[in-house]
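See below for the structure under consideration.
The values are calculated or read from the model by the stated rules, or taken from the named source; none is laboratory data. In this text the structure is predicted, and so the values were computed from the model without any measurement. Please note: Cβ atoms are built from the backbone with ideal geometry, for glycine as well, and neighbour counts cover all protein chains shown. Side chains included, ligands, DNA and RNA excluded: accessible areas come from the protein's heavy atoms. Shrake-Rupley method; radii C 1.70, N 1.55, O 1.52, S 1.80 Å.
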Amino acid sequence: MNKNEQNDTSRNTLLFRPATPTDIPELKELFRNTVLAVNIRDYTAEEVADWAFCGNRPGRWEELFATLHFIVAVNTEDVIVGFTSIRSDGYLHSMFIHKDHQGKGIATALLQRIESYAKEQGICEITSEVSKTARPFFERQGYTVEYEQQALCYRLRLTNYWMKKTFGYP
């Protein structure tokens, strides 16, 4: 992926680039706010509070950066409006879009980029644990539910779905 690759999404010019550890405070805040504001549609207040707390453990984001490839979408004001990350084995760890930028094609653009990255790395199948909220989006993108599960966040187990998408060989 070209570090300066741009895309016109919903009349806003976005820059897509690899995330760096200096982005951690902004990623942490975007994650927290998105979970609390967006996922409340499908989970209880107690569940989203527990989920949002997962990103607060000291050193957690540094650990993620050591094992994941992150891509961020940045708007013209240099604000991160979305991010995604993937492991080298094809596990899509995260996909979060800023609560004020939902429904503008940012998730689709990020997913296309992370899938392209995966293919470049020789990954032919992507798996992910997908929330109730995100499930319809991933199904529209060709992912299928393998099974429903109760995943442990911090203290609580939340319903989500193990999903996958397989790429054919060129």
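Of all the residues that make up the range 45-72, how many are without any contact (Cβ under 8 Å) to a residue 60 or more places away in the chain and loosely packed, with under 15 Cβ neighbours inside 10 Å?
Selection size over the range 45-72: 10.
Only one of Thr159, Thr108, Thr144 is over 17 Å from Phe31 (Cβ atoms), within 14 Å of the chain's Cα centre (by Cα) and of a type in the set (S, T, N, Q). Can you tell me which?
After ruling out the rest, the residue left standing is Thr108.
Quick one: which of Tyr154, Tyr147, Tyr161 is open to solvent by 40 Å² or more (accessible area, probe 1.4 Å), under 20 Å from Ile40 (Cα atoms) and either free of Cβ contacts under 8 Å to residues at least 60 places away in the same chain or not charged (D, E, K, R) (or both)?
So the residue among Tyr154, Tyr147, Tyr161 that is open to solvent by 40 Å² or more (accessible area, probe 1.4 Å), under 20 Å from Ile40 (Cα atoms) and either free of Cβ contacts under 8 Å to residues at least 60 places away in the same chain or not charged (D, E, K, R) (or both) is Tyr154.
Residues in the range 88-102: is at least one touching an Asp or Glu at 6+ places or on another chain (Cβ under 6 Å), of a type in the set (Val, Ile, Thr), farther than 23 Å from Arg155 by Cβ and open to solvent by less than 60 Å² (accessible area, probe 1.4 Å)?
Scanning the range 88-102, I find no residue that is touching an Asp or Glu at 6+ places or on another chain (Cβ under 6 Å), of a type in the set (Val, Ile, Thr), farther than 23 Å from Arg155 by Cβ and open to solvent by less than 60 Å² (accessible area, probe 1.4 Å), so the answer is no.
Identify the residue in the range 119-133 that is touching a helix residue (DSSP H, G or I) at 6+ places or on another chain (Cβ under 8 Å) and either among the hydrophobic types (A, V, I, L, M, F, W, C) or closer than 19 Å to Leu68 by Cβ (or both) and, among all such residues, is surrounded by the most Cβ atoms within 10 Å (Cβ to Cβ).
Residue satisfying both the conditions and the ranking: Ile126.
Here are the criteria: (1) at pLDDT 95 or above; (2) open to solvent by 80 Å² or more (accessible area, probe 1.4 Å); (3) touching a strand residue (DSSP E or B) at 6+ places or on another chain (Cβ under 6 Å); (4) of a type outside the set (Gly, Ala, Ser). Tell me which single one Arg140 does not satisfy.
Unmet condition: (3).
For the range 17-45, which residues satisfy the criterion of being under 18 Å from Val130 (Cα atoms), in contact with a strand residue (DSSP E or B) (Cβ under 7 Å, 6 or more places away or on another chain) and in a helix (DSSP H, G or I)?
Leu30, Phe31, Thr34, Asn39
For the range 96-135, enumerate the residues that are closer than 19 Å to Val48 by Cα and β-branched (Val, Ile, Thr).
Within the range 96-135, Ile97, Val130, Thr133 qualify.
Return the residue satisfying two criteria in turn: it lies in the range 73-87 and is out of contact with any Gly (no Cβ under 7 Å at 6 or more places or on another chain) and of a type in the set (A, V, I, L, M, F, W, C), and of such residues it is most open to solvent (accessible area, probe 1.4 Å).
My answer is Val79.
Just checking: which of the helices (runs of 4 or more DSSP H) contained wholly in the range 57-170 hold 2 or more residues that are under 25 Å from Thr22 (Cα atoms)?
60-67, 106-120
For the range 88-110, what are the residues that are in contact (Cβ under 8 Å) with a residue 40 or more places away in the chain and closer than 19 Å to Arg140 by Cα?
Hits for the range 88-110 are Ser94, Phe96, Ile97, Gln102, Lys104, Gly105, Ile106, Ala109, Leu110.
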